[in-house]
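Below is one structure; the comments refer to it alone.
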Amino acid sequence: MFSLQMRLWLMMTVLFGIIYAVIVVIGRYMGFGDFYFYLGISIGIMFLQYLIGPKIVEWSMGVRYVTREQQPKLFQIVEGQARLAKIPTPKIGISQMAIPNAFAFGRGISDGRVCVTQGIMNLLDEDELKAVIGHEITHLRNHDVLTITLLSIIPMILYRIAWNFLFFGNRRNSRDSGANTMLIGLAAFIFYFITNLMVLYASRIREYFADKGSVELGNRPEHLATALYKLVYGSARMPKEALKEAEGMKAFFVNDPSCALNEIRELSQLDLDKSGTIDKYELSRLRNSKIAPKVSDKMMELLSTHPNMLKRIQHLSQLSA
């Protein structure tokens, strides 16, 4: 966990430095030269994201918080996993989204929220759901939910800066001014691409740590592997319209629904007895296998919020040794 936190905070420092540098360049271009002005703008952006981030997630995901009386089994699972993780029980919600999945968000451990979608409730059995909840609880315990939320806003800011300067900045009368505007816009777009790759890398790292954390909370690796297999299968059956609905928020999910069609072909090979699950024997067989993802899969992983699913389940097989 310490290794994960060090990587994420180092990455946040680098990304904050990039957004600060971009704001300085733009500020100088617009005639502002005060150091404290740039610092205030940068911190203000982060603080605003900190304040409104959870509300944006709730609104985007259609979250409805539930009581113990409404969902006793779900409450029991979340409370049990939180107790094992030694953190306060988070708020529990259900998203109206049909895609089978779960996610955690919030400003910190004391403000944690764990939610499941409507689609996951009838797809997983109790042990599998518990393993997924353990994964989400680990995100809260590792403090990576707030960090990834703050990190994600930086590429978004750079994208908006690039868009405005490239397509609206050249309306100025001066030719030299227009050229400078284009250069700023181009630089912002390059930094947007770089920072987005860094955020995607951070997102993939935290998924491995959350999988390990779920196992450390007492969940069997094969239960989490089966849950991931079922979530991929369930997402692959969803209409494209439903997948597009979750496109902007998929970094919060247990798996990337948009990769499901490609992943289900690989994962179906692990289910030797075609039972719809990945049992202990099938997982141990994977542990002794060598996985060499195709070049196309490696490229897709670079641009994905989640690790390659076959590699991820093999990582789970190592935890079962």
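Numerical summary
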read-out: Highest-first arrangement of 71-81, 95-105, 130-140, 266-276, where packing means the average Cβ count within 10 Å; value: 130-140, 95-105, 71-81, 266-276
read-out: Cross-link table 250/274; 55/290; 55/240; 91/274; 274/298, entries beyond 32 Å C-alpha to C-alpha; value: 55/290; 91/274
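Each reported figure results from applying straightforward, stated rules to the coordinates on display, with no laboratory input. Everything numeric here is computed off the predicted structure, so don't read it as measured data. Counting neighbours? That spans all protein chains shown, and the Cβs are built from the backbone with ideal geometry, glycine included.
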